[in-house]
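Visitor: Before we start, here is the structure in question, set down as structure tokens.
A short reminder: the numbers here are calculations on the coordinates, not readings from a lab. In this text, all values refer to a predicted model and were calculated from it rather than measured experimentally. Quick reminder, even Gly has a Cβ in these numbers, built from the backbone with ideal geometry, and neighbours come from all protein chains shown.
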Amino acid sequence: MAIARALLGDPRVVVLDEPTVALGIRQTAQVLTLIERLRSRGHSVVLVSHSIADVQAVADRIVVLRLGRVTGVYDADATTSEDLLAAVTGAVAPERRGRRPAPGTNDRSAR
């Protein structure tokens, strides 16, 4: 219902904050399918989630925040869940495939 309300007025950008957090497997799949449909209709979707699997299922680009700071910007097709988990937890990523430097940083190791 909240997602339907967010679509009133045909917005260009839809922000979803933890939309699958309290859902079962079937309902989560329905939300992820809805996100794909929104994208196919030209909407930009910002998905805030702790579920790495959900994010990887629908994202083009993944921005990881840790303690309120951007720790990495990733190409979803070129990164692994291990890379993302390392960024989320602060551990060192085993490889940096698909990682781009965070906007406004001089992170040369990400190139």
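Visitor: Skipping prolines and chain starts, which residues have an amide H placed within reach, meaning under 5 Å, of the one on Leu65, given they are 5 or more residues away or on another chain?
Guide: Thr71
Visitor: What nm value, rounded to one decimal, do you get for the distance between Leu67 and His50 when each label is placed 7 Å out toward the C-beta?
Guide: Placing both labels 7 Å beyond Cα along the Cβ direction yields 1.8 nm.
Visitor: With the dipole of the stretch 1-51 worked out from charges on the C-beta (+1 for Lys and Arg, -1 for Asp and Glu) around the Cα centre, which of Val15, Ser51, Thr33 lies farthest toward the positive end?
Guide: Farthest towards the positive end: Thr33.
Visitor: In the stretch 17-65, what trypsin sites (Lys or Arg not before Pro) fall in a loop by DSSP, with at most 10 other Cβ atoms inside 10 Å? Don't jump to the answer; show the numbers that get you there.
Guide: Details: sites: Arg26, Arg37, Arg39, Arg41, Arg61; in loops: Arg41.
For trypsin sites (Lys or Arg not before Pro) across the stretch 17-65 that sit outside H, G, I, E and B with at most 10 neighbouring Cβ atoms in 10 Å, the list reads Arg41.
Visitor: Would you work out the charge dipole size for the stretch 1-80 about its Cα centre, treating the Cβ of every Lys and Arg as +1 and the Cβ of every Asp and Glu as -1, and quote it to the nearest 20 debye?
Guide: Approximately 140 debye in magnitude.
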